[in-house]
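Bear in mind these aren't lab numbers, they're just calculated from the coordinates by the rules spelled out. On a predicted model such as this, the values are computed, not experimentally measured, just so you know. No Cβ is skipped: glycine too gets one built from the backbone with ideal geometry, and neighbour counts run over all protein chains shown.
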Amino acid sequence: MQAIGIEWPNLSCNRVSITLLCSAVKQKSTSPAKSTGETFVCPLSQVRVGSACRIKQLSASPQIAHRLREMGFCEEQCIKLLSQHHNVICRVCNVRLGISAELADSIWVEPLRAEEKAA
């Protein structure tokens with residue numbers, strides 16, 4: 001089991017912290033299907049810090065993928081990678097969420113172009 005730490009924004013006097021226990025993510029051997037055109041997808045763990053991207057596929061187990069969607073890591077959701085050390089910290093829906101690097105390997109994203117970031 002592996003713990004995932006989540007910090008919610010400080011909307012009150014109390015700081016809320018949640019730790020999720022997740023089993024190891026099984027890595028798929030092939031990359032997700034690419035749509036026609038010049039779409040480039042890669043794991044979230046391979047994106048440069050500071051980059052904005054759009055989630056294209058969750059390749060984790062069904063239970064973990066369901067929990068990621070509950071946290072805001074949904075297909076077609078735009079996120080920004082804030083930090084990448086032992087854990088990966090992203091901004092999702094104006095909330096900073098931390099996940100393990102192993103879990104970030106199961107989130108396939110498409111880096112956004114400059115015109116898409118402004119929208």
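Okay, here's what the table says:
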| item | result |
| --- | --- |
| Likely footprinting exposure, Glu70, Glu75, Glu110, Glu102, fewest C-beta neighbours within 10 Å first | Glu70, Glu75, Glu102, Glu110 |
| Contact order normalised by residue count of region 40-119, Cα under 8 Å, 6+ apart, percent | 44 percent |
| Compactness of region 40-119 as Cα Rg over 2.2 N^0.38 Å, two decimals | 0.98 |
| Estimated inter-spin distance, Leu82 and Thr39, nm [label 7 Å along Cα→Cβ] | 2.8 nm |
| Where trypsin sites (Lys or Arg not before Pro) fall in DSSP loop in region 79-115, at most 16 other Cβ within 10 Å | Arg113 |
| From the C-alpha gyration tensor of region 57-103, square roots of 5λ in Å | 17, 13, 8 |
